[in-house]
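Take a look at the structure set out below.
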Amino acid sequence: MPTSPPSTDCADKLKLLADTTRLAVLESLMDQPKRVGELRDLLGVEQSLLSHHLALLREAGLVDATRDGKSVLYQLAKGVESATTGKSLDLGCCQLSFSTRKKASKRT
């Protein structure tokens, strides 16, 4: 059975991360593992939509889910968080870095 070239796998991951909610989920999981309710409150996304995004991230191998009683704890998949300084993800084909600069506040 033929396998897809690495560039195709990389492009698929980058397409998946083109969604702002999925990107925000990964960025928030860089701090520590979180439950769906925590992610929902943090991101302001409805739980059903968030569950859909989390399922896609699990299928792509970017996050892992562990049952914790009645809830599920989500964390970055092993090897996804980069060991380099700053906030970045290792996608296997490339690294995605998040800015550590704070957004400028609006002046009134």
**Q.** Computed Rg/Rh of the stretch 6-98, alpha carbon atoms with Kirkwood Rh
**A.** 0.95
Q) Working out 0.36 nm times the residue gap between residue 52 and residue 97, then minus their Cα-Cα distance, what length gain in nm do you get to one decimal? A) 13.8 nm
Q: Multiply the residue separation of residue 8 and residue 65 by 0.36 nm, subtract the distance between their alpha-carbon atoms, and state the gained length in nm to one decimal.
A: 18.0 nm
**Q.** Given 34/87; 13/70; 34/78, the pairs whose alpha carbons are separated by over 19 Å
**A.** 13/70
Q | Separation in nanometres of the label points that stand 7 Å from Cα toward Cβ, at residue 23 and residue 41 | A | 2.6
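Computed from the coordinates by the stated procedures, all read-outs in this text should not be read as laboratory data. Quick caveat, the model's predicted, so the values are computed rather than measured. Cβ coordinates were reconstructed from backbone atoms using ideal geometry, including for glycine residues, and neighbour counts include every protein chain displayed.
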